[in-house]
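Okay, structure first, notes after.
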Amino acid sequence: MTRHALTREAVFVENVTIPPQRARGLDDAAVARLVESMARLGLRTPISVRMDDDDVVLVAGRHRLEAARRLGWDRIDAVYIDGDETDARLWEISENLHRAELSPVERAEHIDEWRRLVVDKTQLASKGVGRPSQGHHETANALGVSHDAVRRAEKIASLAPEVREQAKAEGWSQQRLLDMARDADAAEARRRNREADQLIAEQRLHDAVQWLGNRLNAAEMHQLGEMLAGVAPQLSKALMREAA
């Protein structure tokens, strides 16, 4: 049966396949709250699914589906979406961003994951032709956020995984996360500068040894290397190697 995007109908709860990546992280407290709410008010927001051959695969609504199971429901309302796994993940992110309980770092991770997925899809569609997009404009328009919000999310999402996990556990504010990202950027810039300085120094050392090698014989190179041992150890070692 062919379905168009956003077709809504009831599906059998037991027939919904849960992908491995969505089977983890079930919050029992959240499910318990949904069980109470759905028992009184019914399902306010349908789950999202997609067809994969003949399988009905969950896209978003893991906690709602589990609440329906615990309530003993045979069926649950679902919205069918078209597309591949990337489209399904984009839809899931969009749904998740409407959750008020997302922490600043979780919200940033979702926005930046959307941006990266859009970049990947755009590059795949264009086959690498043209100037690659960074996804800021597309993400801002699609999610209804500012371009600055997308860039802030990118900064926060660039933090090391262990830092982001600590931020979630300790409830860091967005400003603290941005401060950490700024400090990380500054540290990375210093590291790159050190590497550049090292490369320049190595090239200059090589040039100096080559220049001297064109003017001195091996014995003179060795003697000069011994003379410079106490004042220019790197040049001394390079000259001794060249003389050998």
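Hey, with R₀ at 35 Å, roughly what FRET efficiency would Ser94 and Ala29 work out to, going by the Cβ-Cβ distance, to 0.05? Mind showing how you got there, number by number?
Numbers: r = 24 Å, r/R0 = 0.69.
That pair, Ser94 with Ala29, gives E of 0.90.
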Choice from Ala160, Ala149, Ala140 with maximal GNM fluctuation in the chain (Cα, 10 Å cutoff):
Ala160
What is the sum of charges around Asp183, taking Lys and Arg as +1, Asp and Glu as -1, for the other residues whose C-beta is under 14 Å from the C-beta of Asp183?
+2
Please state the relative contact order of the chain as a whole percent: Cα pairs under 8 Å, 6+ residues apart?
14
So for the chain, taking the charge dipole from beta-carbon charges (+1 Lys/Arg, -1 Asp/Glu), which of Val31, His136, Ala78 sits furthest toward the positive end?
His136
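Work through the residues other than Arg194 whose Cβ is under 14 Å from its Cβ and net out their charges, Lys, Arg +1 and Asp, Glu -1.
Details: positive: Arg190, Arg191, Arg192; negative: Glu188, Glu195, Asp197, Glu202.
Neighbour charge sum, excluding Arg194 itself: -1.
Give the peptides 217-225, 38-46, 85-93 in descending order of average Cβ contacts within 10 Å, highest first. Working shown, then result.
On the way: 217-225: 14.7, 38-46: 12.4, 85-93: 18.0.
In descending order of packing, they fall as 85-93, 217-225, 38-46.
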Protein accessible area in the chain, 1.4 Å probe - carbon and sulfur %:
50
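Restricting the count to DSSP beta bridges whose residues both fall in the chain, what percent are antiparallel, rounded to a multiple of 5?
On the way: 11 of 16 bridges.
Taking every DSSP beta bridge within the chain, about 70 percent pair in antiparallel fashion.
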Rounded to whole Hz, the Karplus (6.51, -1.76, 1.60) HN-Hα couplings of the stretch 168-183, x for glycine and proline:
5, 5, 9, x, 5, 6, 4, 5, 5, 5, 5, 5, 5, 5, 5, 5
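Which value, in Å², gives the accessible area per residue of the stretch 106-244 when a 1.4 Å probe is used on the protein heavy atoms? Let's see the in-between values first.
On the way: 9410 Å² over 139 residues.
Accessible surface, normalised per residue, equals 68 Å².
Grab the beta carbon distance between His206 and Gln21, set R0 = 51 Å, and tell me the FRET efficiency rounded to 0.05. Walk me through the numbers on the way to the answer.
Numbers: r = 50 Å, r/R0 = 0.99.
Step by step, r from the Cβ atoms, then E = 0.50.
The values are calculated or read from the model by the stated rules, or taken from the named source; none is laboratory data. Remember, it's a predicted structure, so these values are computed and weren't measured experimentally. For neighbour counting, all protein chains shown are included, and Cβ atoms are generated from backbone atoms with ideal geometry for every residue, glycine included. Only protein heavy atoms, including side chains, enter the accessible area calculation; ligands, DNA and RNA are left aside. Shrake-Rupley method; radii C 1.70, N 1.55, O 1.52, S 1.80 Å.
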